[in-house]
1. Less than 20 Å apart at the alpha-carbon level, and either on another chain or at least 8 residues along: which aspartates and glutamates does that give for Lys71?
2. Out of residues 5 or more away from Ala66 or on other chains, whose amide H comes under 5 Å of its own, with H placed 1.01 Å from N in the peptide plane?
3. Starting at the first residue of the stretch 96-108, write each ³J(HN,Hα) from the Karplus equation 6.51 cos²θ - 1.76 cosθ + 1.60 with θ = phi - 60°, in whole Hz, x for Gly and Pro.
4. Between Met52 and Glu111, what is the FRET efficiency for a Förster distance of 22 Å, r being their Cβ-Cβ separation, to the nearest 0.05?
5. Once both labels are modelled 7 Å past Cα along the beta-carbon direction, what's the Asp72-Arg36 spacing in nm?
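Read-outs: derived from the displayed coordinates by stated rules, not from any lab. Every value quoted in this text rests on a predicted model; they were computed, and no experiment measured them. Note that each Cβ is placed from the backbone with ideal geometry, even for glycine, and that neighbours are counted across all protein chains shown.
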Amino acid sequence: MSLRRIGVGLAVIAIVAGLGVVGLRAQGTQNEIVRRAKSKVQPEYPELARKMNITGTVKIEVVVAANGTVKDAKIVGGHPVLATAALEAVKKWRFEPAAMESSGVVDFKFEPHQ
């Protein structure tokens with residue numbers, strides 16, 4: 001990640017939703033730009049994960065374009081069986097527009113519903 005991108009500021013969002021999305025938090029500390037999610041798509045709990053009783057948190061690093069769309073997203077942590085579902089869901093999120101792009105990490109917590 002470039003120093004310029006860090007210097008510009010990183011996104012901060014506190015989100016708590018159905019599957020326990022914890023939020024988009026800043027990676028840097030200089031200039032933080034608050035970006036609210038306008039729409040969120042929740043990941044589907046993979047059937048294989050359900051059968052194997054796999055739970056855990058998946059971390060996805062996202063770059064949000066100035067217009068609020070997810071420009072780039074990549075998996076930075078979590079169980080591989082859960083990671084693809086989280087990645088596909090966050091790519092469909094939409095954020096409030098801002099003057100510049102921003103980035104941060106979204107945590108998806110997967111727990112089976114009983």
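1. The reachable aspartates and glutamates, counting only those whose Cα sits under 20 Å from Lys71, are Glu32, Glu61, Glu88, Glu96, Glu101, Asp107.
2. Residues meeting the criterion, in which the H sits 1.01 Å from N, are Glu101.
3. These are the phi-based 3J(HN,Hα) values: 5, x, 8, 5, 9, 6, 9, 9, x, 10, 9, 9, 10 Hz.
4. Given R0 = 22 Å and the Cβ-Cβ separation, E is 0.95.
5. Going from the Asp72 label point to the Arg36 one covers 2.8 nm.
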